[in-house]
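Engineer: Have a look at this one.
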Amino acid sequence: MPLFPFGEVIKTIYTPETKKALRLCFDAHKEQTDKSGLPYVFHPFHVAEQMPDEKTTIAALLHDVIEDTAYTLEDLRGMGFDEDVLEALTLLAYDHKTPYPDYVAKIKENEIARTVKLADLRHNSDLTRLDEIDEAARKRIEKYHAAIELLMES
């Protein structure tokens, strides 16, 4: 890992694979906005910045691509993304037919997916991102906090 002049270790986020994921993330989300009208792509970028390594960074960048865009798992496989990342992305793509606690429990079994989901939930729990905090937002936060607790259990 590269070092700063004073000896601190810095994480290398800009590998060829993370650059590919950054481009795909931007392309997939470029027309989307979040609940406050900000470009949605800021969310996966923020989550990715919290990651400790290349695989989790790529999974963080792509964590909503399968669920929220026209791209499929097979599209990503055809682009050459790592199978460990694809397995995590499969778990992170929420199928609304599955009870949310069951979805979170499956994520807990995969360390890449678990690491990404924890950062995703923390960012989604940041109420300062919202222009208005309504009852629906409060209920989402309760759900997210319960999910964080489940993911943090040993």
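Nothing in this text is a laboratory measurement; each read-out follows from the coordinates by a stated rule. Source: prediction; values computed, not measured. Cβ atoms come from the backbone with ideal geometry, glycine included; neighbour counts cover every protein chain shown.
Engineer: So what's the angle, to the nearest 10 degrees on a 0 to 90 scale, between helix 83-92 and the longest Cα principal axis of the chain?
Structural biologist: Tilt relative to the chain: about 20 degrees.
Engineer: In debye, nearest 20, what is the charge dipole magnitude of the chain about its Cα centre with +1 on Lys and Arg Cβ and -1 on Asp and Glu Cβ, if you could check?
Structural biologist: In total the dipole reaches around 160 debye.
Engineer: Moving to a separate point now. Which of rounded, prolate or oblate describes the chain when judged by the alpha-carbon gyration tensor and an a/c cut-off of 1.5? Before the final figure, lay out the partial values.
Structural biologist: Working: a/c = 1.36, a/b = 1.28, b/c = 1.07.
Rounded, because the longest to shortest axis ratio a/c is under 1.5.
Engineer: Tell me, Lys35, Lys117 in order of fewest to most beta-carbon neighbours within 10 Å?
Structural biologist: Listed from fewest to most nearby Cβ atoms, that is Lys35, Lys117.
Engineer: For the range 16-152, what number of Lys pairs, 8 or more residues apart or on separate chains, have alpha-carbon atoms under 14 Å from each other?
Structural biologist: Eligible lysine pairs with Cα atoms under 14 Å apart amount to 6.
Engineer: Taking the chain as a Gaussian network, Cα atoms linked when under 10 Å apart, which of Ile141, Ile133, Ile13 shows the biggest mean-square fluctuation?
Structural biologist: Ile133
Engineer: Right, something else. What are the GluC sites (Glu not before Pro) within the range 107-154 that DSSP puts in a loop, where the Cβ has at most 16 other Cβ atoms within 10 Å?
Structural biologist: Within the range 107-154, the qualifying GluC sites (Glu not before Pro) (loop, at most 16 other Cβ atoms within 10 Å) are Glu109, Glu132, Glu153.
Engineer: As a test of the formula, what do you get for the chain when each DSSP H run with n ≥ 4 contributes -39,500 (n - 2.57) and the sum is divided by the residue count, at 222 nm and rounded to the nearest 500 deg cm²/dmol?
Structural biologist: That calculation yields -17500 deg cm²/dmol at 222 nm.
Engineer: A further question follows. Against the longest alpha carbon principal axis of the chain, how many degrees, from 0 to 90 and to the nearest 10, is the axis of helix 135-152 turned?
Structural biologist: 50 degrees
Engineer: Once fully extended, how much extra length lies between Arg122 and Ala70, figured as 0.36 nm per residue of separation less the alpha-carbon to alpha-carbon distance?
Structural biologist: Numbers: separation 52, 0.36 × 52 = 18.72 nm, distance 2.57 nm.
Roughly 16.1 nm would be gained on extension.
Engineer: Of Phe81, Phe42, how do they rank once you tally other Cβ atoms within 10 Å and put the fewest first?
Structural biologist: Phe42, Phe81
Engineer: Want the number for Glu87 to Phe26: 0.36 nm per residue separation, take away the alpha-carbon distance, what's left?
Structural biologist: Using 0.36 nm per residue and subtracting the Cα-Cα distance, I get 19.8 nm.
Engineer: Continuing with the same structure: Computed FRET efficiency, Cβ-Cβ of His145 and Thr98, R0 22 Å: what is it to the nearest 0.05? Working shown, then result.
Structural biologist: Details: r = 20 Å, r/R0 = 0.89.
FRET efficiency, His145 to Thr98: 0.65.
Engineer: Determine the relative contact order of the range 1-130: mean sequence separation of Cα pairs under 8 Å and six or more apart, normalised by residue count, in whole percent.
Structural biologist: 22 percent
Engineer: Further question on the same structure: Using a Förster distance of 30 Å, how high is the FRET efficiency between Asp134 and Phe45, based on the Cβ-Cβ distance and rounded to 0.05?
Structural biologist: 0.70
Engineer: While we're here: Using the charge dipole of the range 16-152 (Lys, Arg: +1 at Cβ; Asp, Glu: -1 at Cβ; taken about the Cα centre), state which of Thr115, Leu62, Val85 has its Cα farthest towards the positive end.
Structural biologist: Farthest towards the positive end: Thr115.
Engineer: Based only on other Cβ atoms within 10 Å, what is the fewest-to-most ordering of His123, His29, His145, His96?
Structural biologist: In order of increasing Cβ crowding within 10 Å: His96, His145, His123, His29.
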